[in-house]
Amino acid sequence: LTTPLTSMLLNVTLAKQTDPDGVPPLSKPEAQQYEDHYKLAFRACQENAGGATLPGRFDARPEAYARAYAGCGSHTETSYRRSYARLYEATACATHQTDDQFVKLYKERPCDLIGRFVRLQPLNVDRHCPRLFELTSGQPLVNHKSYEPNQVWGFLPEGPFATPQALAESYVFQPKSSNQAAFAIMTNVTNELVGVVQLTHDDPTNLSIQLEAPIVQPQTIGTAMELEACFLLLDRLFALGYRRLQFTTDAQDAVTRKLANRLGFTLEGVLYKHIIVKQASRDSNVYGLLNSDWKRGARAALFGKLYGKTALKADKANEAREAEAEDQARQLAEKELQDKVAQKEAALK
């Protein structure tokens, strides 16, 4: 299920092993940019680490920060790379155990998009379908009681599904076009699937795209895991230059309407008799989120909801400090280049 859109949103890497999801390797110029970004980020973290050094592992934080920063690719905004890398560094280097966990994960799955609670990887039928069926079929699981599966599938185009095979053959795993992407939501703690999040109607010409509500079991609705899965995609999309994100839901779906509001979307209108779903007419609420809204405060509000006011304050402080340091380094490099040019010109005279 790896589409060009999926590959664009995932992290990049110089890892030599074959990518399990078929993400294409970097070109030579991209590989050079990756190395340059890695070295820059490593030095920056050495000078200003995001936390205490892990005993006996003096390079753990710089290495974590650098692989996350460089992994964002060369097409994302620099401020985004710094924020993503700081969050990754704090998560990966909390303890020796988490450092081991994330180093191992990077070696096995270097392209996954990683947050504090969850990570996103391309949806795969063989790897994810059986577990997704268990989660959304209404069956009792471990500490969770059975439930009516229409709580998950009632407002969606298809479902509930009687068998894993039926789910595998549905729109969830069989996209109808290449202008969409689907990601499995995996927990960082247990490494288990908790749901699926999709992007549809990608319009790269106009830099707009639609986020679909995550498909999760009722117990996961409204949790940090669901919110962070959406945040990871929103943040990456805006960092890549998208101007508008859309969120469309059944006007009667109170749960999804609430999610749209929590994510920072604004209700733009209602499309009456918009589509027919399961032989019933559906009115659709259309929500929008603009890049200007994201920068003016929507991102900070969602970041604070997920990670707390202290983390938000630290994120802003880190950005201000590191932006100033990078600006000074750039000015110094430009001056050195000008001096070299002047010296060559003087020698020619």
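The values are calculated or read from the model by the stated rules, or taken from the named source; none is laboratory data. Since this is a predicted model, take the numbers as computed values, not measurements. Virtual Cβ from ideal backbone geometry, glycine too; neighbours counted across all protein chains shown. These accessible areas exclude ligands, DNA and RNA; they are computed on the full protein's heavy atoms, side chains included. Shrake-Rupley method; radii C 1.70, N 1.55, O 1.52, S 1.80 Å.
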Dipole magnitude of the chain, debye to nearest 20 (Cβ charges: Lys/Arg +1, Asp/Glu -1, about Cα centre): 500
Give the shape of region 141-199 as rounded, prolate or oblate, defined through the alpha-carbon gyration tensor: a ≥ b ≥ c are the square roots of its eigenvalues, a/c under 1.5 means rounded, and otherwise the shape is prolate if a/b is larger than b/c and oblate if not. oblate
Taking θ = phi - 60°, what integer Hz values does the Karplus form 6.51 cos²θ - 1.76 cosθ + 1.60 yield along region 137-149, in sequence order, with x for Gly and Pro? 8, x, 6, x, 9, 6, 8, 9, 7, 5, 8, 6, x
Return one number: the angle in degrees, 0 to 90 and rounded to the nearest 10, between the long axis of the Cα atoms of helix 28-47 and the longest principal axis of the Cα atoms of the chain. 80
Rank-order 70-81, 141-152 by packing density, defined as the average count of other C-beta atoms within 10 Å over each peptide's residues, highest first. 70-81, 141-152
Report the FRET efficiency, 1/(1 + (r/R0)^6), for D100 and V270, where r is their Cβ-Cβ distance and R0 is 51 Å, rounded to 0.05. 0.50
Which FRET efficiency value, to the nearest 0.05, is calculated for A333 and S146 with the Förster distance at 51 angstrom and r the Cβ-Cβ distance? 0.25
Let me confirm the definition first: pairs of Lys residues in region 289-349, 8 or more apart or on different chains, C-alpha distance under 18 Å. How many are there? 8
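Protein chains only, probe 1.4 Å: how do E30, E324 rank by accessible area, largest first? It would help to have the intermediate numbers written out before the result.
On the way: E30 70, E324 110 Å².
Ranked from most to least accessible, the order is E324, E30.
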Accessible area per residue of region 46-151 at 1.4 Å probe, in Å²? 45
Each label point is 7 Å from the Cα along the Cα-to-Cβ direction; what then is the distance between the points at S177 and R43, in nm? 4.6
I need the P(r) histogram for region 1-152: all alpha carbon pairs, bin width 5 Å from 0 out to the longest distance, whole percents. 2, 9, 16, 18, 17, 13, 10, 7, 5, 3, 1
The chain - Rg (one decimal) and Dmax (whole number), Cα, Å: 22.0, 86
What FRET efficiency would be calculated for the residue pair K340, E35, taking the C-beta separation as r and a Förster radius of 22 Å, to the nearest 0.05? 0.45
With a 1.4 angstrom probe the carbon and sulfur portion of accessible area for the chain, in percent, totals 54
Value of relative contact order over the chain, rounded to a whole percent, pairs C-alpha under 8 Å and six or more apart: 14
Calculate, for region 192-258, the solvent-accessible area per residue in square angstrom, rolling a 1.4 angstrom probe over the heavy atoms of the protein chains. 33
Once amide H atoms are built 1.01 Å from N in the peptide plane, which residues 5 or more positions from I275, or in another chain, come under 5 Å H to H? R282
Cα pair count fraction exceeding 23 Å, expressed as % - region 86-197: 38
Using the Cβ atoms and a cut-off under 15 Å, what net charge is assigned to the surroundings of D293, where Lys and Arg are +1 and Asp and Glu are -1? +4
Checked against the positive end of the charge dipole of region 152-267 (+1 on Cβ of Lys and Arg, -1 on Cβ of Asp and Glu, about the Cα centre), the farthest of N206, S178, A229 is N206
Helix-only mean residue ellipticity at 222 nm for the chain, each DSSP H run of n ≥ 4 adding -39500 (n - 2.57), per residue, nearest 500: -15000 deg cm²/dmol
So, in nm, how far is label E192 from label Q165 when the simple model puts each one 7 Å beyond its Cα toward the Cβ? 2.7
So what is the relative contact order of region 67-126, in percent, for Cα pairs below 8 Å that sit 6 or more residues apart? 25
Beyond 23 Å, what share of the Cα-Cα pairs of region 143-237 remains, rounded to the nearest whole percent? 29
